[in-house]
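The values are calculated or read from the model by the stated rules, or taken from the named source; none is laboratory data. What you see is a predicted model, and the numbers here were worked out from it, not measured in a lab. Cβ coordinates were reconstructed from backbone atoms using ideal geometry, including for glycine residues, and neighbour counts include every protein chain displayed. Accessible surface is based on the protein model in full, side chains and every heavy atom, while ligands, DNA and RNA are left aside. Shrake-Rupley method; radii C 1.70, N 1.55, O 1.52, S 1.80 Å.
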Amino acid sequence: MSRQADENNSEKEELHRTKKTPVQEEELIEKTEEQSVIDESDQAEDVTAQHPEVRQMVEEAMKLAQDISVTVNPDVYISALDKAITKFNEENKERFPGAPTVGGWVLDNFPSSLNYWMPLAEKGLLPDTVICLKNSADNGKYLLNRLYLLNEQEINSNILHRLRKERTRKVQEEQEARKQEEVLRVQEEEKEGLEDIQQHMDGAEVMQEEIVLPEVPKGGYPEVPEIEPLKQLIQTFNEEWQLLEPMFTDPNLVNVTFLEVADKEPEKLLQEVVTSMERPFQYQGWEVTSQDIDEEAEDIQAELEAGEEEEEGKEEEEEEAEEDDNDKKKHYGDSKHFCPVALKDKNMLHPGQVDYAAIYREKTYHCSNSEARKKFLENPQNYVAYEEPLQAPPLRLLLIGTSGSGKTVHSRWLAGKLEIFHIQFKERLQEIMLSKLEKKIGPEFEENGVGNDSEEEAMLLGLENGYADKNKKENGTEEDVVLTKEEEAIKLYLADNEPLPAEVLDQLVVDWWTQEPFHSAGFVLDGFPCTVEEAQYMGDSGLFPDIAVFLEADESDICDRLLPPRLAKWQEQRRKKEVHKQRLRDMKKKIRDAQIAKRRAELLAEQKINEEQMGPKITKFSEDDDEEEEEDEEIDNIELILAEEFPEEEEEEQEEEEQEEDAIERMKTEIGEKCEADAESLESVKEELQSLMIPCVAINASRKLHIVRFQLFENLKHFVANRESLFEKCYPVRLSLASKMLHVSYKHPSIFGRWDPVKLSQGEVIKPFRNQENPGYPLIYRQYIYLFSTKENRDIFMRNPIKFIRQPKPQPSVPIRIAVLGPPKSGKTTVAKMFTRIYGLQRLSIGDAIRSVLESQHNTELALDIKSHLEKGMVVPDDLAVRCLEIAMMDLTCNTTGVVFDGYPATKQQADLLEACSIIPIKVFDLELPVKEVLNRGLQDSKDAKSKPYPVHDSAQILTVRNSNYKQEISRIKDYYVKQHQNGCEVDATRSKWWVSNKIIEEVRASINQIQTYLEKIKEGRAAAVADFCITPNELLSRLGEFGQYCPVSLAQRGELVDCSLTSSLQFAAEFRGHYYKMASQEELDAFLEAPEIYVPPLAPRPLPPPEMLPKKLTVADVKSKFPKTAEMKGYCPVTYVDGKKRYEALYSGHIEYAVEYRDKIYIFESEEKLQRFMRLPEKYWNHKLPSKLPPKMEPIMLTSLPLTGYLEQGGATALIKALNDVGCLKPKYPFLSVKQSALLYIAYHLKAYNPRNSDYIRKRYKKKMEQFVESCQLITYLGNKMTRKYKEPQRRPIDFDHKMQSFLSLRNVDPACI
């Protein structure tokens, strides 16, 4: 029941009651008033009902009557409401299926005051829900706009009426003023009067212009007096509601909901109303209290006590395992221990806090803070999983470590393997600075000792080129790069490790959690956080990764990694420094030489000028020696001047260079100090992250690269492989409790039934067997109970249940029938008992079957016949034994689960009797064991037989006889099952019993999987392979399809008749629509299985010809029996002739052993290959004519009639050539015989050994003799290589030297032909 206060309809009705003046009446009144003003001097008319004044008085009286409020007793309203509700319930008893007898009504805007509420309560008509629609935004602007639009026409008419009245009043005032002016102007001229009258008319026209309504803003209302009644109505309702609201203080009586109507469609308001009405019937969450915590602890303790009672006598688990179990038994919410609000709103795994826990639907949700908990409790349905499970956010990983630990290398590898982004924090900062400074910042990027030399070199170059001043000016005018505040902070961070402010981190780090593509793909964050401040910033900003991995390495290992590149850099810097210094020295010398040369030229020029001014002072009589001395003195003077002006620069005292050993020690110290400082900082970061409940993992990064990567992936495997089931919850329960839940239908069995989902995903096709030894381990997941064969499988399922429930449900179980044969002591019974214990199969031996009949059916005719044979000391006949076996197989276990025959059938006759009873095992396993191993096992068992209370017949003689009998029969049994049913399988029984068991189980699984696939395809109407299905030849012939033994695929695709009856194997056979079809190869079988409809009628493109149109292969006897019918084409091979393009050279005679009958004609062929080609395409080769010219007929010639050379060529040339070729290659020399004799003997042996007319025995005997002859010939070569001139002691000779020497000497005086 609901009550809805709708101001819109009520205000509209009230407006209609208070404003009822028609527009026509208003216009009439206006005209009357104007007429009364203009014609005031006219004579008075008669007073009637239509007189304007009468009508005006009546209207005013009506208005006064409307303003007077009439109070009606509230009981009148309540009585009318009660009658209406009663009538509604009687007339609408079946308004919808399951409707209640009372209720289901809505009151519109009632009760609107406190006076009606109390009578409603007394009458028992109180509503369940009160919906109050309000518009509190913008002083009710939206509601006033709606009211204005609903009453727009009426309000506009009222506005027009008011404006017209004002205009009329204004016209009347102007007319009165004009009349006074006209009285004063009576004496004026007519022209002036006319002009005044014209002006009066013009003014009247101006006043009678069209009245314009005030402009209304969009979504608003006009600010006019006509809106005041609407505002008054809203104010009246608010005042009445304030008086009525105290009655709704008790939420148990009435549920009050306030809804804002601004900018909402009716459908949305209706949905909000429905939501508010359903809220009392929905689950409500509340904050966790101490009482809730105590109750949860009591429940866990009760479960532990129940488990201890059931598992008495078992060892107690460790404390850590118990804590894990307790944690698993806690009833976490859908988001587990993560905050549901952060997961829904931010797609982030934010660990929840116990202090901010809330309970909803008996589950505990841990929120991150009080605000998140408040938001969760306001609308918990928005943060839990209903139709589909919660989706885990992408993987976000922190990889932190000291410099040299390899975090960047491993981060890049992880990002590539997990297909997520790799973010290197410091490299990102360097990218920002590179855009401004065009260089990287940091101590490792600075080059020491080269900058000053470079500046000095630039100055010297400037001096050399004469523009040093210009360069200085240009350098002085270069503008410095202006960095922002954030960039300055980044620069200080990179250069001096100053902490970054939160504003900079907000611009960088937050985007990796919130913006694409990182938001949906995930990332590996390398090198952040590296300080406690950065870790605290992550906690304060709510940026939580899934896991933080710390790479820890020893200081020595880090030093070994970082020292070589640093040392190489130091060496490179020192080399550059030496090069710079040498260049400076060379440049200084070059500049000094240039300056000296310039000055010398100047001095020489001055000297020349002086000489010209002084004139010739040297007389003609001066000697040449004096002239040379004066010139030398002048040159010496110039050199002295140059030496004084350009003194030799003293070499600067070179700074003491750092030696390589000192540099290495310094670098080691720096690396050690840096490593120690980073380790301390990272330890603080680790503690801070652990305080934020972020999982932290430490990995030893000192090991080899592949080992560290393996450890990384092993620690992250849980987060990656099982991520889709991150929020799934599974509850292990006891078997008894699971049985009770299923019995009372509190939980439901899963679609897997008793199958183990984990084993099913691993390819298990044998239905598991449940007993006391294999009770099964149940588990509750959602509303279903799953059973597992081992605890390990249950734990695997709990890690990722979605992975296993997505697999298809198990196929219908197939009863298993297998036979295990083998010699004595081969382990037949062990394997059979294993199947019984694990899979619940019935183990049957022939002795068990006979004893079962004698014990349970001792009065039957079969039991009496068996007893008669046993009393006479005779063996039970096979037919009676098979009848016993057939009766034993009527057991329910044999028909539903399966049976394993232990050592039966043992003879071919027994196999025939089983097939006559339709007992055919799907697999027959032969455990192969050599007789030596049989006797060895028998001896071992005889040693252990002392403890047995009965004698054991396992002596060597008995075992030998039994093994001999088995060997005689097993070959026939294997041939029978392989040829008839293709179900034989050999197993090496010399291996361990576990290997043998696993091998047999694999074969059985493969067979059952094949059977299940066959059944599924046949059920769906598709084709299925039937290989290894124990189909007998008679059954195959009875169910062959329209193509018989011919391949339908070859016939449809290539038009070839491929006869598949040549082999009895069904490897390429298939069943479709109840018929069998045989294919030529695996390729044709795959094509048939993919689309069988196109290869069988009615869609088959080529039907099989009738039997009389099929080619038939003939034997030599069949050809002779058809005499006098002769071969077509005069005995020439038609295939060779047609394939040879019917040329003369392609005419070859056929052989009678390759004959075919087709269309009542006989064709003979050159070879079996040509015959098969004709059998496939008879239409291509059958009807051809020979040319008129044929090769001459070759008559047989007697060999003895040939001449000597011809006789030798045709008779023995081939054999002699082969023998001569072999003797030429071997070049034998037999001991104590000549070379000629040795060659002739070898040729004789060769001719005997390779004579095709000899029997196999003769050829093998002479081949053996020839091998012995060759070995004897090799003695000479061996002894010649090993014998020396000096005597060797026996211990120093080769091992076989004496034996071969004795063999060589024994051939003296021995005829080789007698060997």
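Here are the numbers for the structure shown:
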{"read-out": "Å² per residue, accessible surface of the range 1168-1279 at 1.4 Å", "value": "72"}
{"read-out": "Neighbour cut-off at most 14 other Cβ (10 Å), DSSP loop, trypsin sites (Lys or Arg not before Pro), the range 829-906", "value": "K872"}
{"read-out": "Residue-count net charge about S1238 - beta-carbon cut-off 12 Å; Lys, Arg +1, Asp, Glu -1", "value": "+3"}
{"read-out": "Net charge of Cβ neighbours under 12 Å - reference F710; Lys, Arg +1; Asp, Glu -1", "value": "+4"}
{"read-out": "In Å², nearest 10: area of I796 left accessible to a 1.4 Å probe", "value": "60"}
{"read-out": "Of K417/K569; K63/K165; K440/K569; K363/K759, those spanning more than 23 Å from alpha-carbon to alpha-carbon", "value": "K417/K569; K363/K759"}
{"read-out": "Of all accessible heavy-atom area on the range 1097-1173, the percent that carbon and sulfur account for (1.4 Å)", "value": "56"}
{"read-out": "Cα-based helix-to-principal-axis angle, 451-465 vs the chain, degrees rounded to 10", "value": "80"}
{"read-out": "At most 12 other Cβ within 10 Å, DSSP loop - GluC sites (Glu not before Pro), the range 973-1049", "value": "E1020"}
{"read-out": "The chain - percent relative contact order, Cα under 8 Å, separation 6 or more", "value": "5"}
{"read-out": "Label-point gap, in nm, between N238 and L862 - each point 7 angstrom along Cα→Cβ", "value": "9.9"}
{"read-out": "Accessible carbon and sulfur surface of the range 334-392 relative to its total accessible area, %, 1.4 Å", "value": "41"}
{"read-out": "Student exercise, the chain dipole from Lys, Arg, Asp, Glu Cβ charges, in Debye to nearest 20", "value": "19760"}
{"read-out": "Helix axis angle, 532-541 relative to the chain longest principal axis, alpha carbon, degrees", "value": "60"}
{"read-out": "Estimated [θ] at 222 nm from DSSP helical runs (n ≥ 4, -39500 (n - 2.57)) normalised by residues in the chain, nearest 500", "value": "-17500 deg cm²/dmol"}
{"read-out": "Given (1) 1, 6, 9, 11, 11, 11, 10, 10, 9, 7, 5, 5, 3, 2, 0, 0; (2) 1, 7, 13, 15, 14, 13, 11, 9, 7, 5, 3, 1, 0, 0; (3) 1, 5, 7, 8, 8, 10, 10, 10, 10, 9, 7, 5, 4, 3, 2, 1, 1, 0, 0, 0, the label whose value is P(r) over Cα pairs in 10 Å bins from 0, in percent derived from this model", "value": "(3)"}
{"read-out": "Where the range 780-896 is the region considered: accessible area per residue in Å², 1.4 Å probe", "value": "50"}
{"read-out": "Protection proxy ranking of 893-903, 1107-1117, 1223-1233, 134-144 - average other beta-carbon atoms within 10 Å, highest first", "value": "893-903, 134-144, 1223-1233, 1107-1117"}
{"read-out": "Highest average packing first - 385-396, 354-365, Cβ atoms within 10 Å", "value": "354-365, 385-396"}
{"read-out": "Per-pair calculated FRET efficiency, R0 = 35 Å: Q940 and D891 via Cβ, rounded to 0.05", "value": "0.50"}
{"read-out": "Nearest-10 value in Å² for the accessible area of K374, using the 1.4 Å probe", "value": "130"}
{"read-out": "All lysines inside 23 Å of K828 as judged from Cα atoms, apart from same-chain residues fewer than 8 positions distant", "value": "K767, K908, K923, K932, K943, K946, K948, K967, K974, K993, K999"}
{"read-out": "On Cα atoms only, tilt of 993-1019 relative to the major axis of the chain in degrees", "value": "60"}
{"read-out": "Per residue accessible area of the range 1012-1163, 1.4 Å probe, in Å²", "value": "53"}
{"read-out": "Area of F258 that stays accessible when all protein chains are in place (1.4 Å probe, Å², to 10)", "value": "100"}
{"read-out": "Net charge dipole size for the range 1080-1216 [Lys, Arg +1 and Asp, Glu -1 on Cβ; Debye, nearest 20]", "value": "840"}
{"read-out": "Karplus-derived HN-Hα couplings along the range 1217-1230 (A = 6.51, B = -1.76, C = 1.60, θ = phi - 60°), whole Hz, x at Gly and Pro", "value": "4, 4, 5, 5, 5, 5, 5, x, 6, 7, 6, x, 9, 7"}
